[in-house]
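Visitor: Here it is, the structure in full.
The values are calculated or read from the model by the stated rules, or taken from the named source; none is laboratory data. All values reported here derive from a predicted model rather than from experimental measurement. Heads up, the Cβs are rebuilt from the backbone with ideal geometry, glycines too, and the neighbour counts pull from every protein chain shown.
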Amino acid sequence: MSRFENRYFVEEQPPDTESAITPAEKDSGNRRILSLATGSTVAFILYSVLILEPVGKCFMVEDGSNSLGLTFSYTLQMVQDFLEVRTQDQLDCYVEFLQIWDVMYAAIYASMYCFWIMYFYHDRRLFLLVPVLAMVADWAENFVEIMMINGYLDSNTISQTLVSVGSGLNMMKWMFFTLTYLILTVGIRTKIKSVLRARKENRIG
């Protein structure tokens with residue numbers, strides 16, 4: 001290949017995608033992601049207060065735990081105590097809560113966490129797997145809880161195997177939550193440092 005042909009070949013190469021993104025386009029994308037993160041946070045709060053809390057009152061009791069999923073693991077005795085203090089109507093309501101309202105809740109909080117991770121970590125989309133896995137573990141745990149309740153209502157027995165599986169999924173869920181919070185905490189800290197550094201450079205300049 002001659003020198004002229006080589007020069008022509010180099011000049012005809014398409015521009016790199018990353019370098020083609022202008023600062024204005026990048027800033028616009030960041031603002032869009034921030035809007036989605038803020039909007040999903042508002043949706044999370046509204047759903048928790050206006051929907052999740054009211055529909056959950058049908059299975060609440062004054063004494064004892066009101067949700068197996070809020071504990072970090074549980075035992076057969078804990079599950080038995082949870083079920084025995086409730087009537088069949090309360091357990092039916094709890095099953096409906098797990099099948100519908102808690103599933104939607106998991107989808108909302110996973111979306112919220114994903115949008116905030118996208119805002120703080122533009123080039124580390126692998127982090128998005130963490131809240132998604134937390135959501136999947138939450139859904140799987142709900143399914144196991146429903147199986148335990150149905151077994152209890154049908155035969156008044158509780159499967160130790162299901163309790164162990166549900167407890168394991170519960171621990172996995174909370175570990176993914178903890179990792180999500182850690183990722184977001186580091187992202188917030190990095191973002192604050194970046195903003196302060198930029199302001200300092202602007203004052204010096």
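Visitor: Tell me, yes or no, whether the stretch 137-152 has at least one residue that is under 30 Å from residue 32 (Cα atoms), surrounded by fewer than 19 Cβ atoms within 10 Å (Cβ to Cβ), free of Cβ contacts under 8 Å to residues at least 24 places away in the same chain and under 12 Å from the mean Cα position of the chain (by Cα).
Guide: No, because not a single residue in the stretch 137-152 is under 30 Å from residue 32 (Cα atoms), surrounded by fewer than 19 Cβ atoms within 10 Å (Cβ to Cβ), free of Cβ contacts under 8 Å to residues at least 24 places away in the same chain and under 12 Å from the mean Cα position of the chain (by Cα).
Visitor: Could you check residue 173 against (1) touching a residue at least 12 places away in the same chain (Cβ under 8 Å); (2) of a type in the set (Lys, Arg); (3) surrounded by fewer than 17 Cβ atoms within 10 Å (Cβ to Cβ) and say which number it fails?
Guide: (3)
Visitor: Oh, and also: If we scan the stretch 94-106, do we find a residue that is modelled with pLDDT under 95, part of a helix (DSSP H, G or I), out of contact with any Cys (no Cβ under 8 Å at 6 or more places or on another chain) and aliphatic (A, V, I, L, M)?
Guide: So far as the stretch 94-106 goes, no, none of its residues is modelled with pLDDT under 95, part of a helix (DSSP H, G or I), out of contact with any Cys (no Cβ under 8 Å at 6 or more places or on another chain) and aliphatic (A, V, I, L, M).
Visitor: Take residue 63 and decide whether it is more than 18 Å from residue 140 (Cα to Cα), outside any helix (DSSP H, G or I), out of contact with any strand residue (DSSP E or B) (no Cβ under 7 Å at 6 or more places or on another chain) and not β-branched (Val, Ile, Thr).
Guide: Yes.
Visitor: Given the conditions (1) touching a Gly at 6+ places or on another chain (Cβ under 7 Å); (2) crowded, with 19+ Cβ neighbours inside 10 Å; (3) of a type outside the set (Gly, Ala, Ser), and given that residue 85 satisfies all but one, which numbered condition is not satisfied?
Guide: Result: residue 85 passes all but (2).
Visitor: Out of 55, 61, I need the residue that is farther than 25 Å from residue 161 by Cα and either exposed (fewer than 14 other Cβ atoms within 10 Å of the Cβ) or of a type outside the set (A, V, I, L, M, F, W, C) (or both). Which one?
Guide: The unique qualifying residue is 61.
Visitor: Separate question: With the condition kept exactly as written, say whether any residue in the stretch 105-122 is closer than 27 Å to residue 62 by Cβ, buried (at least 17 other Cβ atoms within 10 Å of the Cβ) and in contact with a Leu (Cβ under 7 Å, 6 or more places away or on another chain).
Guide: Within the stretch 105-122, one or more residues are closer than 27 Å to residue 62 by Cβ, buried (at least 17 other Cβ atoms within 10 Å of the Cβ) and in contact with a Leu (Cβ under 7 Å, 6 or more places away or on another chain).
Visitor: Continuing with the same structure: Yes or no: the stretch 90-98 includes at least one residue that is surrounded by 14 or more Cβ atoms within 10 Å (Cβ to Cβ), closer than 30 Å to residue 188 by Cα and touching a residue at least 40 places away in the same chain (Cβ under 8 Å).
Guide: no
Visitor: Now a separate question. Go through the stretch 153-163 and give me each residue that's exposed (fewer than 15 other Cβ atoms within 10 Å of the Cβ) and without any contact (Cβ under 8 Å) to a residue 40 or more places away in the chain.
Guide: 154, 155, 156, 157, 161
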